[in-house]
Amino acid sequence: MTSKYTWRRAAGALAAALAAVTSLAAAQSPAAPPAPARPDPYALHAGMLDAQRAGQRVVAVGERGVIVLSDDDGATVRQARAVAADLALTAVSFADARNGWAVGHGGVIVHTADGGEHWTLQRSDTASDQPLLTVYFRDAQHGWAGGLWSLLLATSDGGKTWNRITLAPPEGSKKADLNLLKIFASGRDLYIAAERGMVLHSPDDGASWQYLATGSKASLWSGAASAKGTLVVGGLGGKLLRSSDGGAHWAPVDAGSASLTQLRADGQDLWAGALDGRLLRSTDDGLHWSAAASGEPVTAIVARTGGGMLRYGKSGVVK
């Protein structure tokens, strides 16, 4: 089974939940840079794939390069003023209240320096079928982005230049072709939740990476570290795994059977969004989880200022 097929299968449920999310790369000429996203009267109801806080603001990214902003925890939403790419954006990360980066199809990376109002293009590779699926910035200078077939990029100058990191093949494989689905951090250590039940770990700012086998073969769509440093990863088929020793050992945790789209840590609590509409919460460092809400399929979650999670789905904010 090819890696490309595995990615499509792993992302199938999520893609079905976001039927409107499509890559426009095929519509571009092979080497053409992406066109800018256009103002869209339906942007407030577009499918969102990720959301992050930029200070008091919530910034969500999704289909057709749509980026929406809210300064009141989702009660009112508006479209960003300018986005330099009209391709599906899959992930977003903010280093502070003003500096943020979003990545997506066509290998695009866009940057904002004003809290999400305007986004400029830092990178695109529309000639390659390698979407970027995750991005994480430690501060305004140091960031990492990952995606299809072990595509891993790093920057130490705020994205002015992006350097490709060549990963070694996993044990028993001839090449590095895992799809990298979520970069997250625990202290100074970096982790990447990936397909085939793999987690990658770097203790040295991405200079070197090792593969951590979790005992699962499921595609791990997301990951997070608790306030105590416990790692949780989850994804396809409701698979949820927990490690309290930096990833050396993993134990499965019962979270039901629905695929988990996103994991978040907020204070002492851990949260997970699921494709069956559940919002799961753990108050004991990931040992036990309870359903805190339900509704339409959840594709992204982000902390509210007053506690709890704001949920996004195929039609924008889940009320």
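The values are calculated or read from the model by the stated rules, or taken from the named source; none is laboratory data. Note that the structure is a prediction, hence the values are computed from the model and not measured. Cβ coordinates were reconstructed from backbone atoms using ideal geometry, including for glycine residues, and neighbour counts include every protein chain displayed. Keep in mind that these areas ignore ligands, DNA and RNA; they rest on the heavy atoms of the full protein, side chains included. Shrake-Rupley method; radii C 1.70, N 1.55, O 1.52, S 1.80 Å.
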statement: Inter-part gap, Cα centre of the stretch 124-176 to Cα centre of the stretch 251-274, in whole angstrom, is 25
query: Rounded to the nearest 0.05, what FRET efficiency do H45 and A127 have when you use their Cβ-Cβ distance and R0 = 35 Å?
result: 0.65
- line: Along the stretch 190-200, Karplus-curve 3J(HN,Hα) (6.51, -1.76, 1.60; θ = phi - 60°) to the nearest Hz, with x for Gly and Pro, reads 9, 9, 10, 7, 9, 6, 6, x, 9, 10, 9
- prompt: How long are the semi-axes of the ellipsoid equivalent to the chain, from square roots of 5 times the Cα gyration tensor eigenvalues, in whole Å, largest first?
  reply: 26, 23, 19
- prompt: In percent, how large is the relative contact order of the chain, given Cα pairs closer than 8 Å and 6 or more residues apart?
  reply: 12
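Give me the Kirkwood hydrodynamic radius of the stretch 48-89, using the inverse of the mean 1/r over all pairs of distinct Cα atoms, in Å to one decimal. Intermediate results must be reported in sequence, preceding the final value.
Numbers: mean 1/r = 0.0971 Å⁻¹.
10.3 Å is the Kirkwood radius here.
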- prompt: Can you pull the percent of the stretch 149-235's accessible area that's carbon plus sulfur, 1.4 Å probe, other chains left in place?
  reply: 49
field: Greater than 25 Å apart at Cα, pairs in K182/K239; K160/K314; K160/K182; K217/K314
entry: K160/K314; K217/K314
- prompt: What Kirkwood hydrodynamic radius, in Å, does the stretch 85-128 give when the mean of 1/r is taken over all pairs of distinct Cα atoms and then inverted?
  reply: 10.4
